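S.K.: Okay, here's the structure, questions in a sec.
Throughout, read-outs are computed from the coordinates displayed, never taken from laboratory work. Nothing here was measured: the structure is a model prediction, and the numbers come from that model. With ideal geometry, Cβ positions are generated from the backbone for all residues, glycine too; neighbour counts draw on all protein chains shown.
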Amino acid sequence: MINVLVAAESAIARTGLEGLIGAHDSLRVIQTDASLPLWRRVEDGRAEVLVVDLDRQAVSRTLRELARLPRPPATIFLTDDLRALRTSEARRAGVRAVLPRGATASELVAAIEAVAAGLIVLHPEGVEALLSPSPLPSAADATGETLTVREAEVLNIIAEGLGNKEIAARLGISEHTVKFHIAAIFTKLNAGSRTEAVAIGVRRGLIMI
């Protein structure tokens with residue numbers, strides 16, 4: 001059973017989401033006082049997954065609140081702007097999935113189960129927006145090769161300042177595999193160091209900053 005907390009900009013939206021989620025036997029909706037700040041509603045640690053459907057003005061405040069928690073729950077954001085959460089702040093706040101507000105019930109349930117298992121979820125509509133390089137990279141940056149999803153993930157973690165051992169632990173892979181990915185990143189980006197790879201990644205839109 002996965003404990004899910006819903007935070008929405010309106011009572012109608014919250015009730016609708018809670019009804020949809022609660023209809024599945026594997027999911028349990030946690031009821032809390034909606035008048036409390038979100039961080040107060042999740043600080044007791046009961047929520048394994050947080051589903052957030054808020055207006056754009058509330059997103060930054062919500063991310064800051066969640067980022068202050070020692071262990072924020074795995075969070076799913078429903079949004080009309082899939083690029084709005086391409087930030088390191090979002091990762092620190094526990095955001096593990098970004099879905100469009102038009103996502104189907106089955107997609108939402110699948111995302112909840114996936115993030116609860118420690119996975120990161122990208123909706124098909126958002127894959128290109130979230131992971132692809134910018135459409136017009138400079139000539140110096142363009143090598144004709146595209147990073148794989150795993151290489152992009154490693155590059156983003158490098159940007160957080162983590163070493164090979166920490167990257168391996170986070171992704172559940174060996175340090176040897178991490179070194180292999182980093183070598184591929186350097187080659188594809190024509191970079192000579194981690195710092196240079198991160199700088200190129202930022203310019204090309206590969207890093208969620």
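S.K.: Can you list residues whose amide H is under 5 Å from N3's amide H, if they're 5+ apart or on another chain and H is modeled 1.01 Å from N?
M.R.: R28, E48, V49
S.K.: In terms of modelled amide H atoms, which long-range or inter-chain residues lie less than 5 Å from the amide H of V121?
M.R.: A97, V98
S.K.: Show the residues, 5+ positions off or on another chain, whose built amide H is closer than 5 Å to the amide H of A8.
M.R.: Distant-sequence amide H within range of A8: D53.
S.K.: On a full-extension model of 0.36 nm per residue, what is the gain between A117 and L162, subtracting their alpha-carbon distance, rounded to one decimal in nm?
M.R.: Full extension from A117 to L162 adds 13.9 nm.
S.K.: Mind giving me the nanometre distance, one decimal, between the label points for N3 and F186, set 7 Å out from Cα along Cα→Cβ?
M.R.: 4.6 nm
S.K.: Further question on the same structure: Past the 24 angstrom mark, what percentage of all C-alpha to C-alpha distances in segment 2-129 do you count?
M.R.: Considering segment 2-129, 17 percent of its Cα-Cα pairs are separated by more than 24 Å.
S.K.: With labels modelled as points extended 7 Å from the Cα through the Cβ direction, what inter-label distance (nm, one decimal) is found for E175 paired with R40?
M.R.: Result for the modelled spin labels: 4.6 nm.
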